[in-house]
Amino acid sequence: TMEPLVVHELEGGIIRFWNRGAETLYGWPAVEALGQRIHVLLRTEGKSLEEIDSELAQSGHWRGELTHTTRAGRRVTVESRKTAIRADAGGGLVLESNLDITERKQAEQALRENEERFRALYSSMVEGLANHEIVYQEGKAVDYVITEVNPAFEKITGLTREATIGRKASELYGTGAPPYLELYAKVAAEGAPEHFETFFPPMNKHFAISIFSPEKGKFATVFSDITARKITEEMVRQLNLDLKRRIEE
């Protein structure tokens, strides 16, 4: 599924670009969304829009979780990334990518509350999910073993469940040292969830990864492939540089 991408004016929020991913997630076709005010079209809960706009105007970037209401009235939680891509005499524009994490949030809650409900989500969610157990030697985390994966894990990574379950990360991914061990071990030990984005060379993909711990010594990762978004962001960055050069000339 294409990640929802929207471009709108910083002041006023008039929508200038609305891709197929946004059409699918929110229910409005581009022909109806373009020209609308994004704050009106998407009823938003979470961080106040005034605070977001203020941070965008100051630093050019904002990231956080927001809840939007779709055309059909469904509430969806998104990991929203906003980047100011132009701020010249013509006014500022904002590139906004809204990764749907509704299933991720439901899975995190279900894993803690109800194993049966979690299993139903586990098999149907579009994000990859994997459970792990830390391997300790003399009290120090040295590796981790994959104990379960969902069907989306197989689709996104290309690794089968049979080839994955019971394997140490250091062996499975061919990286020598187990990837991101320090952060994963921290979450497994302390329980506080984390989120990060990374480029993973063995798969030549960019991932957004959330980590949470259902119990001490164990952790789960919920992840999505954000390679397309990263390519788009780089294209926008290059466009912004070109615009600046032309203005300076």
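The values are calculated or read from the model by the stated rules, or taken from the named source; none is laboratory data. Since the structure is predicted, the reported quantities are computational estimates derived from the model, not experimental observations. Here the Cβ positions follow ideal geometry from the backbone for every residue, glycine too, while neighbour counts run over all protein chains shown. Accessible surface is based on the protein model in full, side chains and every heavy atom, while ligands, DNA and RNA are left aside. Shrake-Rupley method; radii C 1.70, N 1.55, O 1.52, S 1.80 Å.
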Scan (1) touching a helix residue (DSSP H, G or I) at 6+ places or on another chain (Cβ under 7 Å); (2) open to solvent by 20 Å² or more (accessible area, probe 1.4 Å); (3) part of a loop (DSSP other than H, G, I, E, B) for the single condition A192 breaks and write down its number. (1)
With a cut-off of at least 1 residues that are among the charged types (D, E, K, R) and open to solvent by less than 60 Å² (accessible area, probe 1.4 Å), name the strands (runs of 3 or more DSSP E) lying wholly within segment 21-102. 75-88, 91-100
Within segment 213-228, is there a residue that is part of a helix (DSSP H, G or I) and surrounded by fewer than 18 Cβ atoms within 10 Å (Cβ to Cβ)? yes
Considering only segment 229-249, how many residues are more than 15 Å from the chain's Cα centre (by Cα) and open to solvent by less than 100 Å² (accessible area, probe 1.4 Å)? 8
If I filter segment 129-182 down to residues being among the aromatic types (F, W, Y) and either open to solvent by 50 Å² or more (accessible area, probe 1.4 Å) or part of a strand (DSSP E or B) (or both), which single residue comes out as farthest from K205 (Cα to Cα)? Y136
Considering (1) more than 22 Å from L241 (Cβ to Cβ); (2) of a type outside the set (A, V, I, L, M); (3) at pLDDT below 90; (4) in a helix (DSSP H, G or I), say which one T1 fails and leave the rest. (4)
